[in-house]
Every structure is written in C-alpha cells, then in structure tokens.
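Written below as structure tokens is the structure these notes are about.
The values are calculated or read from the model by the stated rules, or taken from the named source; none is laboratory data. All figures in this text were calculated on a predicted structure; none of them were measured in a lab. When we count neighbours, we look across all protein chains shown, and the Cβ atoms used for this are built from the backbone with ideal geometry, even at glycine.
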Amino acid sequence: MTEYEEDYYGILGVEESASPDEIRKAYLRLAKKLHPDRFPNDEQGKVAAQAEFRRVTQAHYVVGDAERREEYDRLRQLAKSRMALRTGEPGQAAPVAGQDLAATQVDIQAQEGINQKWAAKHLARADELFRRRRFHEAETAIKEAIRLVPSECKYHNKLAEIYLARGWRTYAMTEVQAALRIDPKDPDAKNLETKIKALAREAGPAGKGNKKSFFEQLKEILTRKL
C-alpha cells in the first residue's frame, strides 16, 4: 500500500472487525501505558513512549471515528485489490494486456479523489480546533491532511500557523519552506515566511528574547504532557 501503509488496527492491537468500544478501550489502555509519568527516572524511555503515543493517537483519530474509519477501510481495500491485480494473486482475474495499466490508473484516480475529499475535511476540523485554541488536536488533524495530500500548500501553511501559535518558529518555517518548494509563489506561504522572519528579528540574535530556541522547542515537544 502507499497512502495507507500504516496499519492503525495493528498499532492499537485490535482486529479490523473490532467494535468502537474495543477500539476505545485499546486506546485508553495504551495511553495509560505510555503516559510520561510512568518514566520518572528514564528519560530515554519517556521519549520513546512519547513517539509511540503519537502513533497511537493518530491511529485512534482515524479508526476511532466511524466516518473516518469507513473511509480508511475503503482505501485499504482499494489498495489491496490493486496490488492483487498487479501480482495476479489467486482469486483475481488474470489481467489482459493493457487492462492492468488502465485499471490501475482508474484506481489511482479514485484514491486521489478520496484523499482530496478527506484532506479537506481534516483541514476544516483543524481550522475549528485552531479557533478553539486546541492546538495539539489541530496539529493531529492537519498532519492527517498532509499525509493524504502532501503536495498541497495550504495544508503545510496551516500546520505552520499552528506551530507559530505554540511559539515554535523553527518548525513553522520548516512547513513554510515545504509549501514554497511546492509553489514558490504561494502568497500565504510568502506572508508566513515574512512574519516568521520578523518575529525572529524581534527575538534578537541567537534566540534571545521570549521565543524558544530550536532545542528548547524540541525538548518541549518530547516532554509535553499527553
């Protein structure tokens, strides 16, 4: 698979047929297991737990919601069918010359359309969460949009806005640069770039002022409360 190579059911430790209640309980169990308070004297273990918890949170965000789960399952099945067609697995009709390519192109177009639709939904959710200052949840939502459609400037720009709201200029600039690589003339990305540079000048040389340095930002990301 390509777009859905992550097995969210496997990350949560449940079967694909798991009920919503089973998924919720699996998430809560893992959240408790990976909470940083369980690693008071183990900084390395805490960092690893934070990284794993981000994967668990992303998995629950997708399959813990009925509508998102349905779309995720549909895309996984589409990818499996396409792979079976390419490899001629048992149970699949043998492809005729030219048919395999045509069918693959149709599948890719269908998948891209679904991805675009869902990325737009994730952006709308991120916008709403951002307005409510629920920045961590907004970050999770917009990262899902980027994962689905990585070549869209507006999703990188929104993530940059979220990072800026959290005081993470370095990460914000990284997303702005990603948008500018896609479209060097994107007006929103250029405006954000100008804003970030102005904030950097206000902070003074070598990260002086109230803004956090890169390593301080990184430390905060890795050690923030779940």
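Scanning the range 181-205 for residues that are crowded, with 18+ Cβ neighbours inside 10 Å and without any contact (Cβ under 8 Å) to a residue 24 or more places away in the chain turns up just one, Glu193.
Could you say whether any residue in the range 98-116 is farther than 23 Å from Ile11 by Cα and at pLDDT 85 or above? Yes; the residues of the range 98-116 include at least one that is farther than 23 Å from Ile11 by Cα and at pLDDT 85 or above. The set of residues from the range 23-56 being within 30 Å of Glu70 (Cβ to Cβ), more than 21 Å from the chain's Cα centre (by Cα) and surrounded by 14 or more Cβ atoms within 10 Å (Cβ to Cβ) comprises just one member, Lys25. Residues in the range 134-154 that are of a type in the set (A, V, I, L, M) and assigned to a helix (DSSP H, G or I) were compared, and the one that is farthest from Tyr171 (Cα to Cα) is Leu148.
Taking the conditions exactly as written (of a type outside the set (A, V, I, L, M), closer than 19 Å to Lys143 by Cβ and in contact with a Phe, Trp or Tyr (Cβ under 8 Å, 6 or more places away or on another chain)), does Gln50 satisfy them or not? Here the answer is no, as Gln50 does not meet what is asked. Residues in the range 17-32 that are out of contact with any Gly (no Cβ under 9 Å at 6 or more places or on another chain) and within 23 Å of Lys143 (Cβ to Cβ): Leu28, Ala31.
Among the criteria (1) touching a Leu at 6+ places or on another chain (Cβ under 7 Å); (2) within 20 Å of Glu6 (Cβ to Cβ); (3) of a type outside the set (Val, Ile, Thr), the one Ala138 does not fulfil is (2).
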